[in-house]
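Participant: I am attaching a structure below and will ask some questions about it afterwards.
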Amino acid sequence: MNLLEKLKMQKKEPGEEKPPKVEVPVYWLESSDSVTRRYEFEPDGYLSVKLVNDSRPVYHRVVESFLNKFFPTGYPYSVNEGYLRYTQFRALQHLSSAALSVLSTQSLLFAAGLRPTPAQATAVSWILKDGMQHMGKLICSNLGARMDSEPKRWRILADVLYDLGTGLEVLSPLCPHLFLEVAGLGNFAKGMAVVAARATRLPIYSSFAKEGNLSDLFAKGEAISTLFNVVGIGVGIQLASTLCSSMQGKLVFGSLLSVVHVYSVVEEMRAAPVNTLNPQRTAMIVADFIKTGKVSGPADLRYREDLLFPGRLIEDAGNVKVGRALRKVVKPSKLEEWKEIFPEEKFVLSHGNKWTDMLLEHNAIGEDALRGWLVAAYAASMEKSFHEPSVSVLQDAYDKMNSMFTPFLSELQAKGWHTDRFLDGTGSRFAF
């Protein structure tokens with residue numbers, strides 16, 4: 001057979017199908033910290049990751065497994081500053097709260113004439129709490145706006161109410177003839193506390209969300225809560241069976257658990273960098289900007305917020321008070337005069353002896369509140385050389401605010417502040 005015939009034999013016949021092309025999988029191996037992983041592109045385009053070798057000590061593997069289960073994906077780069085401290089105290093808070101709940105429920109049943117085991121007290125505690133949540137929802141239903149404005153304060157108040165209710169339950173055996181009154185009042189307080197705690201949960205979680213991962217943050221936060229609630233119930237059962245089998249033991253360890261509980265929630269709230277504008281945070285931002293020329297971020301202000309008395313006046317920010325009724329602050333003639341001078345603004349300033357009232361229109365947002373606050377602060381600093389405020393000083397302050405506001409607002413937004421809304425609680429607003 002010559003060469004030409006061989007070539008003809010190798011030619012494909014007409015209509016003959018080509019053999020299927022074999023695709024070689026695209027994969028590679030990466031090694032880091034004694035861990036080798038295989039990365040491979042699937043036919044559908046997705047990237048799969050498989051663990052090939054892990055020679056790390058068992059301790060490191062357990063820690064990584066815990067972080068993957070109870071912390072958001074990409075931690076610590078996917079959350080804002082302070083999340084670890086918040087989570088640590090959240091775990092301690094739930095542990096102490098669950099243990100205290102077991103002790104209080106056992107005391108309730110003792111007061112009712114029963115002698116339950118700690119495990120029975122644990123089961124009954126959920127029934128008692130669930131029954132009072134409906135009443136708490138009704139009482140707290142009109143406080144939502146205040147909780148949006150001051151979620152940290154209301155979260156602390158919720159836990160104080162919870163401990164107050166729990167304390168009444170623990171003391172109920174001392175007055176068994178008033179069992180229904182004491183138990184009802186205690187569970188009523190706890191029902192309100194549960195509603196307030198749940199209502200403020202989302203604003204706190206939102207402050208840590210960094211990459212649109214709010215659902216992941218919420219899921220992992222609830223996992224932490226569930227885990228340490230279970231641990232706390234175990235601790236409570238052990239205490240109820242041993243050290244707290246007597247009333248004296250319950251009073252001592254109940255008080256200690258309550259102190260730990262409240263302290264933990266205070267530290268949680270201090271660690272949360274809430275990035276929405278309310279009167280207190282706005283005043284602190286303006287005061288820092290007036291004094292230093294710099295804009296503070298949410299993480300810079302979190303440990304400086306007054307969580308118990310958020311309505312305090314800040315002199316460097318113009319001693320501004322927001323939310324008073326229009327009829328109590330401005331006369332109609334003064335209001336017309338103001339709107340003639342500043343027709344485009346959605347705020348009104350009224351200077352008083354001790355503070356400056358700022359009134360906002362119904363559709364005013366955070367930027368409008370910031371503009372009004374800056375005008376009040378600049379006017380206050382200018383008036384130190386005058387005996388009383390004048391229209392010229394107010395005009396000069398307004399002009400200065402306009403010249404500084406654009407870069408000020410840009411830096412605020414770059415720091416992570418939400419300037420599209422202003423949460424002034426139940427403060428009064430006006431509309432023409």
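The values are calculated or read from the model by the stated rules, or taken from the named source; none is laboratory data. Small disclaimer: the values here were computed from a predicted structure and weren't measured. Cβ coordinates were reconstructed from backbone atoms using ideal geometry, including for glycine residues, and neighbour counts include every protein chain displayed. Areas reflect the complete protein model, heavy atoms only, side chains present, ligands, DNA and RNA absent. Shrake-Rupley method; radii C 1.70, N 1.55, O 1.52, S 1.80 Å.
Participant: When the stretch 394-419 is examined, which residues are found to be under 19 Å from Arg281 (Cβ atoms) and in contact with a strand residue (DSSP E or B) (Cβ under 9 Å, 6 or more places away or on another chain)?
Facilitator: Leu409, Leu412, Gln413, Trp417, His418, Thr419
Residue-wise test of (1) crowded, with 21+ Cβ neighbours inside 10 Å; (2) of a type in the set (Phe, Trp, Tyr); (3) not in a helix (DSSP H, G or I).
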residue	(1), (2), (3)
Ser207	yes, no, no
Glu211	no, no, yes
Ala219	no, no, no
Glu222	no, no, no
Leu256	no, no, no
Glu267	no, no, no
Met284	no, no, no
Asp288	no, no, no
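Participant: Looking at the stretch 224-240, which of its residues are free of Cβ contacts under 8 Å to residues at least 40 places away in the same chain and either open to solvent by less than 50 Å² (accessible area, probe 1.4 Å) or at positive phi (or both)?
Facilitator: Gly234
Quick grid of which residues meet (1) hydroxyl-bearing (Ser, Thr, Tyr); (2) at pLDDT below 85; (3) under 25 Å from Ser207 (Cβ atoms):
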position: Met284; (1), (2), (3): no, no, yes
position: Gly293; (1), (2), (3): no, no, no
position: Leu307; (1), (2), (3): no, no, yes
position: Val330; (1), (2), (3): no, yes, no
position: Glu340; (1), (2), (3): no, yes, no
position: Thr356; (1), (2), (3): yes, no, no
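Participant: Scan the stretch 38-48 and tell me whether some residue there is more than 30 Å from Ala183 (Cβ to Cβ), open to solvent by 80 Å² or more (accessible area, probe 1.4 Å), at pLDDT 75 or above and of a type outside the set (Phe, Trp, Tyr).
Facilitator: Looking for residues that are more than 30 Å from Ala183 (Cβ to Cβ), open to solvent by 80 Å² or more (accessible area, probe 1.4 Å), at pLDDT 75 or above and of a type outside the set (Phe, Trp, Tyr), one finds none in the stretch 38-48, hence no.
Participant: Checking Lys294 against (1) assigned to a helix (DSSP H, G or I); (2) over 23 Å from Lys152 (Cα atoms), which single condition isn't satisfied?
Facilitator: (1)
Participant: Here's another thing I want to ask about it. Search the stretch 163-179 for residues that are at pLDDT 80 or above and pair each with any residue that is open to solvent by 30 Å² or more (accessible area, probe 1.4 Å) and hydrophobic (A, V, I, L, M, F, W, C) when their beta-carbon atoms are under 7 Å apart and the residues are at least 6 apart or on different chains.
Facilitator: From the stretch 163-179, the pairs are Asp163/Val262; Leu168/Leu185; Ser172/Phe179; Pro173/Phe110; Pro173/Met247.
Participant: Hey, another quick one. I'm told Ala397 meets every condition in (1) modelled with pLDDT under 90; (2) loosely packed, with under 12 Cβ neighbours inside 10 Å; (3) within 20 Å of Thr292 (Cα to Cα) except one. Can you identify the failing condition by its number?
Facilitator: (2)
Participant: Being in a loop (DSSP other than H, G, I, E, B) and over 24 Å from Ser245 (Cα atoms) is the filter here, so list the residues in the stretch 141-192 that pass it.
Facilitator: Ser141, Asn142, Leu143, Glu150
Participant: Inside the stretch 297-322, can you point out the residues that are in contact with a Phe, Trp or Tyr (Cβ under 9 Å, 6 or more places away or on another chain) and not in a loop (DSSP other than H, G, I, E, B)?
Facilitator: Pro298, Ala317, Val320, Lys321, Val322, listed by residue number.
Participant: Now for a different question. Could you give me the residue pairs with C-beta distances under 8 Å whose first residue belongs to the stretch 346-363 and is among the basic types (Lys, Arg), whose second residue is part of a strand (DSSP E or B) wherever it lies, and which are 6+ apart or on separate chains?
Facilitator: Listed by first residue and then by second, the contacts come to Lys346/Leu360; Lys346/Glu361.
Participant: So, of the residues in the stretch 290-323 that are among the hydroxyl-bearing types (Ser, Thr, Tyr) and open to solvent by 40 Å² or more (accessible area, probe 1.4 Å), which turns out to be nearest to Val393 (Cα to Cα)?
Facilitator: Result: Thr292.
Participant: Please identify the pairs in which a residue from the stretch 62-75 that is in a helix (DSSP H, G or I) has its Cβ atom under 7 Å from the Cβ atom of a residue that is acidic (Asp, Glu), counting only partners at least 6 apart or on another chain.
Facilitator: So the pair list comes out empty.
Participant: Right, another one. Could you tell me whether Pro14 is of a type outside the set (Lys, Arg) and modelled with pLDDT of 70 or more?
Facilitator: no
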